[in-house]
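Report on the following structure.
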Amino acid sequence: MNIDPNARYTKTHEWVRPEGDAYSYGITDHAQSELSDIVFVDLPAIGDSFAPGDTIGVVESVKAASDLYMPMAGEIVAVNESLADAPESVNADPYGAGWIFKFKMADPAEFTRLLSADDYAQFTGD
Amino acid sequence: MPYIPVTEQDQREMLTEIGIHSVADLFEDVPVQHRFPDIKLPKAVSEIEVLDELYGMALKNSSTGCFATFLGAGAYNHFVPSAIPYLATRGEFLTAYTPYQPEVSQGTLQAIFEYQSMVAELTRMPVVNASHYDGATSMAEAAIMALNVANGKRHKIIIAPFVHPQYRQTLRTYLPGKQVTIVGDENPQASLSDLKAMVDSDTACLIIQNPTFFGDLLDVSNLAEAIHQAGALLIVVATPIMSLGLLTPPGEYGADIVVAEGQPLGGGMNFGGPYLGIFATREQLIRKMPGRLVGETTDTNGRRGYVLTLSTREQHIRREKATSNICTNQGLMALMAAMYLAYMGKQGMRQVAELCYHKAHYTAARIGQLAEYQVLNSGVFFNEFIVQCPRPVSEINQELLKKGILGGYDLEQDYPERKNQMLVCVTELNSQPQIDRFVEALLALQGV
């Protein structure tokens, strides 16, 4: 199971990684493999703000549909438009081309409260 | 697929499994006095007597075939070619139920696929779903879809007063509990430009009917552009659907969602139901669309096959997130519409629409010559028009009925300011002698 050492993780199998003055967000390799072939990603809109625990989107595969949860407060600053035509990049490259959106974190200290790569690996049993 | 009921042994095994002795044990929670209520039925009679009684009841029915019919207003009296009921009532079609394991039912899926494809051509919309219950529920679902497209950020639905009153009522029935305001139709005189001016950043959609409930054709040039600029959707009720044989389809003037009553397409009037809800949209909005969508594909051997490309997902996997209660479709009615469209073809649809248009205009011209009647439509109309009558429409209709004529719709029922106004509908089924009889009957009711 592939885990990006530069990212931090949630127990609901999302990853968050600093990118300049914002953070990018996606689902983990473990999540994409559990969901199998992804056919649709329901993206939020730029400017959407959210509170901890909010659902911000949906990833739909041939097998199931799964909500995307936000572990902290913030605001969407970019979305990966290419997923509309190529949702399969979430399967092929979950930490790269399969990123879902970028956001500004209301309190950047929240980042360190997420699971580290090692903790996430332990959590998923890898 | 065969249907195999449970055997006595199955039943015993199931009862043992859940640890009870008899089926009656399952009903223990129902108070004893209500468990086996005494049902008072009349004494048994013979089949001959039953049939005699039923025939007696049936004779009290009338159908539009017994009258010269000038009543429309949402349910339309069109010709149903005999081939359609003959083919549609074949057992393979008639008894097919909604496909829960859809791919097993290739015939049902293909029929729905053909329906979707032909309605897409008729409305000029890229996506048509497998259908809804009727035009009114389609429209209510379209409004809910527009709210979902706006992700709950827009709270206003603008609906024209010239949308069918029952459709507007259905919309209001569907929406309580949502943080939404429905405006536009509080002013019965509101014009399309008045409504257009109401569209703002809180507006999810503007709903119009074209031709209007009163039969008028709207000037829709630049309408969609203005709506889209405000970030809202344009929903067009294309009732009567037969108008699309002749007029510019809503897909060509920028509609985002098109809904219509599909009953005129080979469905018959059926004493008010079952009807057919047509629902079409654009590709970009497909993920917010209620209902299901059948697609064509090839199997592993390269053979053509049909699948549920988009099923009612909420039914299976995200029920708590459901945005629509439509888990089924009007399979048989959609099939009949597909058969009708295939039977008529492009030319046939145009001919029916032209006949409706010309006969309606002939009727309007004749009525317009009567001293005490006046046709109120000022612009172009399709096959319905308003007649200002010298007396209450309900009275006139009673007199007409005595002469075997089913008069038009009494508009005062829904629009109190429209006193003595009758909405007259003319279709290809109204012969010239019928029309002349209608005009003469109206003439005879003058000055009474």
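The values are calculated or read from the model by the stated rules, or taken from the named source; none is laboratory data. Since this is a predicted model, take the numbers as computed values, not measurements. Cβ: placed from backbone, ideal geometry, glycine included. Neighbour counts: every protein chain shown. Surface areas here come from the heavy atoms of the whole protein model, side chains and all, with no ligands, DNA or RNA. Shrake-Rupley method; radii C 1.70, N 1.55, O 1.52, S 1.80 Å.
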> Restricting the search to the range B:412-448, which residues are of a type in the set (S, T, N, Q), surrounded by 12 or more Cβ atoms within 10 Å (Cβ to Cβ) and closer than 22 Å to B:ARG350 by Cα?
Replying inline: B:THR427, B:ASN430
> If you check A:LEU83 against the conditions, is it within 13 Å of chain B (Cβ to nearest Cβ), farther than 28 Å from A:ARG113 by Cα and buried (at least 19 other Cβ atoms within 10 Å of the Cβ)?
Replying inline: yes
> Only one of these conditions is not met by B:MET333: (1) in the same structural domain as B:GLY267 (by TED's automatic domain parsing); (2) part of a strand (DSSP E or B). Which number is it?
Replying inline: (2)
> Restricting attention to the range B:122-157, and to residues there that are within 14 Å of chain A (Cβ to nearest Cβ) and farther than 20 Å from B:MET198 by Cα, which single residue is least open to solvent (accessible area, probe 1.4 Å)?
Replying inline: B:ASN148
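Matching residues to (1) outside the structural domain of B:SER201 (by TED's automatic domain parsing); (2) more than 22 Å from B:GLN209 (Cα to Cα); (3) surrounded by fewer than 18 Cβ atoms within 10 Å (Cβ to Cβ):
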| residue | (1), (2), (3) |
| --- | --- |
| B:GLU252 | no, no, yes |
| B:ALA255 | no, no, no |
| B:GLY262 | no, no, no |
| B:ARG282 | no, no, yes |
| B:THR300 | no, yes, yes |
| B:TYR306 | no, yes, no |
| B:SER311 | no, yes, no |
> Name the strands (runs of 3 or more DSSP E) wholly within the range B:234-299 that hold at least 1 residues that are more than 14 Å from every other protein chain (Cβ to nearest Cβ) and at pLDDT below 95?
Replying inline: B:293-298
> Checking B:ALA365 against (1) under 30 Å from B:SER131 (Cβ atoms); (2) more than 21 Å from the chain's Cα centre (by Cα); (3) among the aliphatic types (A, V, I, L, M); (4) open to solvent by 20 Å² or more (accessible area, probe 1.4 Å), which test does it fail?
Replying inline: (1)
> Limited to the range A:71-126, what total is found for residues that are of a type in the set (Lys, Arg) and closer than 15 Å to A:ASP48 by Cβ?
Replying inline: 2
> Hey, among the residues in the range A:31-77 that are among the polar types (S, T, N, Q) and out of contact with any Asp or Glu (no Cβ under 9 Å at 6 or more places or on another chain), which one's nearest to A:PHE101 (Cα to Cα)?
Replying inline: A:GLN32
> With (1) more than 23 Å from B:LYS288 (Cβ to Cβ); (2) in contact with a Leu (Cβ under 8 Å, 6 or more places away or on another chain) as the list, and A:SER61 as the residue in question, which single condition is left unmet?
Replying inline: (1)
> Can you name the residue in the range A:1-56 that is charged (D, E, K, R) and assigned to a loop (DSSP other than H, G, I, E, B) and is also surrounded by the most Cβ atoms within 10 Å (Cβ to Cβ) among such residues?
Replying inline: A:ASP48
> Are any residues in the range A:55-69 away from every other protein chain (no Cβ under 12 Å) and not aliphatic (A, V, I, L, M), and if so, which ones?
Replying inline: A:TYR69
>> Looking only at the range A:70-80, filter to residues that are in a strand (DSSP E or B) and away from every other protein chain (no Cβ under 14 Å); which one of those is nearest to B:LEU310 (Cα to Cα)?
In response: A:ALA78
>> Considering only residues that are open to solvent by less than 40 Å² (accessible area, probe 1.4 Å) and polar (S, T, N, Q), which ones fall in the range A:57-69?
In response: A:SER61
>> Being at pLDDT below 95 and either on the phi > 0 side of the Ramachandran plot or surrounded by 14 or more Cβ atoms within 10 Å (Cβ to Cβ) (or both) is the filter here; which residues of the range B:192-222 pass it?
In response: B:ASN222
>> Restricting to the range B:345-367, name every residue that is β-branched (Val, Ile, Thr) and more than 16 Å from B:PHE385 (Cβ to Cβ).
In response: B:VAL352
> Among the residues of the range B:125-145, is there at least one that is modelled with pLDDT under 90, closer than 18 Å to B:GLY331 by Cα and assigned by TED's automatic domain parsing to the domain that holds B:ALA334?
Replying inline: no
> Going through the range A:1-54 one residue at a time, which ones are within 13 Å of A:MET70 (Cβ to Cβ), of a type outside the set (D, E, K, R), within 14 Å of another protein chain (Cβ to nearest Cβ) and over 14 Å from the mean Cα position of the chain (by Cα)?
Replying inline: A:SER49, A:PHE50
